[in-house]
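J.: Okay, handing you the structure first.
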Amino acid sequence: MIVKIDAKLDLKPLEAKYKRLMFPGGKLQKFIDATVMKGIDPYIPYKFGVLRKSLILNTKIGSGMLEWKTPYARYLYYGKLMVDPITHKGAFTDGQGHFWSRPGVSKTLTDRDLVFNTYHNQRAGALWAERYKTDNLNSLSMMVRKEAGQLWKTT
């Protein structure tokens, strides 16, 4: 599954002054993408670092979109338990850390929240992009304004 998050910000107040900086692939969008990628990391669930690596490998900096491409990215992003429709289990285990599901069976969504390990990332959890944005929008906007001003001077 793929999770795509729009990394564009509402920068209408800046557009009038910095219009020539506001385009996909431009230095300002690259700055926004890189800044969000760095800042969002503590919000992403971390066990072996696969989601982090997926973000780095699949995001084209400057596109305005952050992408996670793993089989479980969407499942973790929305943070709800999915179960086998017959057994009502999330997975089967051999008791030694190996988990599997019945082949070819689509799981059904429940209303039970997943419990995230926060050992590596204390803010890890579902809807990590929305939570990052809520926590950091003001500081991110200030950084973008500052960068836009610096870019404006050099162009």
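The values are calculated or read from the model by the stated rules, or taken from the named source; none is laboratory data. Everything quoted here is computed from the prediction, not taken from an experiment. Note that each Cβ is placed from the backbone with ideal geometry, even for glycine, and that neighbours are counted across all protein chains shown.
J.: Quick one: which residue in Lys146, Lys38, Lys60 is part of a loop (DSSP other than H, G, I, E, B) and among the charged types (D, E, K, R)?
T.: Among Lys146, Lys38, Lys60, only Lys60 is part of a loop (DSSP other than H, G, I, E, B) and among the charged types (D, E, K, R).
J.: Continuing with this model, one more query. Please verify whether Gln122 is farther than 30 Å from Gly25 by Cα and within 17 Å of the chain's Cα centre (by Cα), treating the condition exactly as stated.
T.: yes
Per-residue answers, yes or no, for (1) surrounded by fewer than 12 Cβ atoms within 10 Å (Cβ to Cβ); (2) farther than 30 Å from Leu28 by Cβ; (3) of a type in the set (Val, Ile, Thr):
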{"position": "Gly95", "(1), (2), (3)": "yes, yes, no"}
{"position": "Arg102", "(1), (2), (3)": "no, yes, no"}
{"position": "Ser106", "(1), (2), (3)": "yes, yes, no"}
{"position": "Asp111", "(1), (2), (3)": "yes, yes, no"}
{"position": "Glu130", "(1), (2), (3)": "no, no, no"}
{"position": "Asn138", "(1), (2), (3)": "yes, no, no"}
{"position": "Arg145", "(1), (2), (3)": "no, no, no"}
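Rundown of residues vs (1) more than 24 Å from Asn136 (Cβ to Cβ); (2) of a type in the set (S, T, N, Q), yes/no style:
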position: Arg52; (1), (2): no, no
position: Lys60; (1), (2): no, no
position: Lys80; (1), (2): yes, no
position: Thr87; (1), (2): yes, yes
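J.: Tell me yes or no: at least one residue of the range 50-63 is of a type outside the set (Asp, Glu) and on the phi > 0 side of the Ramachandran plot.
T.: Taking the range 50-63 first, the residues of a type outside the set (Asp, Glu) are 50-63.
Now narrow it down to the ones that are on the phi > 0 side of the Ramachandran plot: 62.
Within the range 50-63, one or more residues are of a type outside the set (Asp, Glu) and on the phi > 0 side of the Ramachandran plot.
J.: Please specify each residue of the range 32-66 satisfying the condition of being crowded, with 18+ Cβ neighbours inside 10 Å and touching a strand residue (DSSP E or B) at 6+ places or on another chain (Cβ under 6 Å).
T.: Listed by number, the residues that qualify are Leu51, Ser54, Leu55, Thr59, Leu66.
J.: When Ile2 is evaluated against the numbered criteria (1) surrounded by fewer than 16 Cβ atoms within 10 Å (Cβ to Cβ); (2) modelled with pLDDT under 65; (3) in contact with a helix residue (DSSP H, G or I) (Cβ under 8 Å, 6 or more places away or on another chain), which criterion, by number, is the only one it fails?
T.: For Ile2, the failing item is (2).
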